[in-house]
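Heads up, the thing below is written out as structure tokens.
Here, each number is a calculation from the coordinates, and none is a lab measurement. Note that the structure is a prediction, hence the values are computed from the model and not measured. Heads up, the Cβs are rebuilt from the backbone with ideal geometry, glycines too, and the neighbour counts pull from every protein chain shown.
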Amino acid sequence: MKSNLSTPHTISSQQLVDQLNWRYATKQFDPNRKINAQNWAAIEEALVLSPSSGGLQPWAFFVVTDSAVRQKLLPASYGQTQVVDASHLVVLAAKNNFGEGDVDAHLKRTADVRGIPIESLAQFRAMLVGGIVNSMDASARQAWAARQVTIALGGLLTSAALLGIDACPMEGFEPAKYNEILGLDKKGFHAVVVCTLGYRAATDKYAALPKVRFAKNDIVFQI
């Protein structure tokens, strides 16, 4: 039965906080535990549903399943074994040379999905092209695209936690080597951040450590 999106299912506020307290950047994964197909499909759908500026989605998500390729990525990850031990490895990548053609692709998709004439999006197109493509040089657009990728990462980590799946976001890797090994440059993308997902090993001492955050009063302000 198709779900009614106007009446979403919810979890309790305490469940949300509990799961976010449960999650941590997993340092050791159990290589024998794998994420089942149903949960992984939900994780991929969560990535697809990630928000982005203007809805432009200047990214791609590369799920690396080949164990031999993951072994090649290990030295480019400074030897961090999560890359080979985790159930799944996702490379979150930003689009290279984002331009007007990418804006037009998004608007065509919008018109198709919503069943509206693309001409009705002309004003929206002018805003996106003027505010992102024409107002930024290539370096600034690349930085903008990378920021969008980190939004997707946040959603991925939260989604995994709600499913009871461990994850570790990783910026400690060599992007140029990842791009080379995975052929990302030829695909028109560059690696921004890596996320390994699976289930924590019983021997991971970091799992039991108290979470360290600044007090809410120090970082959340009412104005």
Counting lysine pairs in the chain that sit 8 or more positions apart or on different chains, with Cα atoms under 20 Å apart, gives 12
Hydrophobic long helices for the chain, i.e. whole DSSP H runs reaching 15 angstrom or more by Cα along the axis with Kyte-Doolittle mean at least -1.0, come out as 37-48, 138-162
Taking the alpha-carbon centre of each part, the distance from region 146-223 to region 96-114 in Å is 27 Å
Within the chain, the percent of DSSP beta bridges that are antiparallel, given to the nearest 5, stands at 95 percent
Ranked on Cβ counts within 10 Å of their own Cβ, fewest leading, PHE29, PHE61, PHE124, PHE221 go PHE221, PHE124, PHE61, PHE29
Once normalised by the length of region 14-157, the mean sequence separation of its alpha carbon contacts under 8 Å that are 6 or more apart gives a contact order in percent of 32 percent
Neighbour-count ranking for TRP144, TRP59 (other C-beta within 10 angstrom, fewest to most) reads TRP144, TRP59
Projected area averaged over all directions for the convex hull of the alpha carbon atoms of region 108-151, nm², comes out at 3.8 nm²
Quick calc, the chain, dipole around Cα centre from Cβ unit charges on Lys, Arg (+) and Asp, Glu (-), nearest 20 debye, gives 320 debye
In debye to the nearest 20, the charge dipole size for region 123-203, taken about the Cα centre with +1 at each Lys and Arg Cβ and -1 at each Asp and Glu Cβ, equals 220 debye
In whole Hz, the Karplus estimates of ³J(HN,Hα) for region 89-94 (6.51, -1.76, 1.60; θ = phi - 60°; x where Gly or Pro) are 10, 10, 9, 8, 10, 9
Final fewest-first order of THR10, THR81, THR26 on the 10 Å Cβ neighbour count is THR10, THR81, THR26
Projected onto their principal axes, the Cα atoms of region 60-140 stretch, largest extent first, over whole-Å spans of 50, 32, 14
Here, ALA105 and SER52, labelled 7 Å along Cα→Cβ, have an inter-label distance in nm of 0.9 nm
Note to self: C-alpha centroids of region 74-90 and region 10-70 sit apart, in Å, by 15 Å
In Å³ per residue, the alpha-carbon convex hull of the chain encloses 188 Å³
With region 1-84 reduced to its Cα atoms and the Debye formula applied, log10 I(q)/I(0) at q = 0.14 1/Å amounts to -0.83
Counting only residues 5 or more apart in sequence or on a different chain, those whose built amide H sits under 5 Å from that of ASP30 are TYR199, ARG200, ALA201
HN-Hα couplings for region 184-191 via Karplus (6.51, -1.76, 1.60; θ = phi - 60°), in whole Hz with x for Gly/Pro, come out as 5, 4, 5, 8, x, 9, 9, 5
